[in-house]
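Okay, so here's the structure we're looking at.
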Amino acid sequence: MDERIKVYDDKMTKTYKNLLEEFATIRAGRANPNVLNKIKVDYYGTPTPLQQIGNITVPEPRVLQIQPWEASMVKAIEKAILTSDIGINPSNDGRIIRLVFPELTEERRKDLVKDIKKKGEAGKVAVRNIRRDANDYLKKLGKSDVSEDEIKDLEEKVQKMTDKYIKDIDKAVEEKSKEILTV
């Protein structure tokens, strides 16, 4: 790949990966430890990712179990979960915290699919904005000593890159939507 447009490919890749990470945090009726990725726990005054404070397991399809390395952290972890936006009340037995995920209603599934499509659209807009930046850069290059044919060739490569990422985003949206709607 041409070094002049590689930076734009890297930006599009980051946009796509970021979208996939966001999709991973959307729960689909099954318990998925990724829904806890954004939760930070107050660990002796420092906001620390939940994964670094305890062991997270999935003992049953709709149950997440969190076993803190230190028993004294149970309350702090519960507080972090309650203040997060996952909307599940934790229960504990003094050592282990359990999160029981309710079955998704049909209406909730449709809302989640709308949210997924909205995130997908935002991802496509971001990719198109990167394409615009790349084309602006190429126009500036055209004013220097780079031939018109070379600029046209680079613009075509940028367009092909854009098309590829938009297709990938559409596919990811479709797969996640199907996962959510599957009962």
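The values are calculated or read from the model by the stated rules, or taken from the named source; none is laboratory data. Owing to the predicted nature of the structure, the values given are computational and were not obtained by experimental measurement. Ideal geometry is used to build each Cβ from the backbone, glycine not excepted, and the neighbour counts take in all protein chains shown. Quick note on the areas: whole protein, heavy atoms, side chains included, nothing else; ligands and nucleic acids left out. Shrake-Rupley method; radii C 1.70, N 1.55, O 1.52, S 1.80 Å.
Here are the numbers:
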item: 1.4 Å probe accessible area per residue over region 21-144, in Å²; result: 58 Å²
item: Unsatisfied cross-links (Cα-Cα over 20 Å) in the set LYS139/LYS171; LYS11/LYS110; LYS119/LYS164; LYS40/LYS178; result: LYS139/LYS171; LYS11/LYS110; LYS40/LYS178
item: Cα→Cβ-extended label distance, 7 Å offset, between ARG98 and ASP10, nm; result: 4.8 nm
item: Extension gain from SER84 to GLU106, taking 0.36 nm per residue of separation minus the Cα-Cα distance; result: 5.6 nm
item: Sequence-distant residues sharing a close amide H with GLY54 (under 5 Å, placed H); result: TRP69
item: Estimated FRET transfer efficiency when R0 is 22 angstrom, pair GLU156-VAL125 (beta carbons, to 0.05); result: 0.50
item: Percent accessible area from carbon and sulfur atoms, region 4-56, protein chains only, probe 1.4 Å; result: 50 percent
item: Estimated 222 nm signal from helices in the chain, with DSSP H stretches of n ≥ 4 weighted -39500 (n - 2.57), rounded to 500; result: -20000 deg cm²/dmol
item: Protection proxy ranking of 144-151, 160-167, 123-130 - average other beta-carbon atoms within 10 Å, highest first; result: 123-130, 160-167, 144-151
item: Value of D in µm² per second that Stokes-Einstein yields for the chain, Kirkwood Rh from Cα pairs, at 4 °C (1.567 mPa s); result: 68 µm²/s
item: Amide proton proximity set for TYR43, modelled H, under 5 Å, gap of 5+; result: THR48
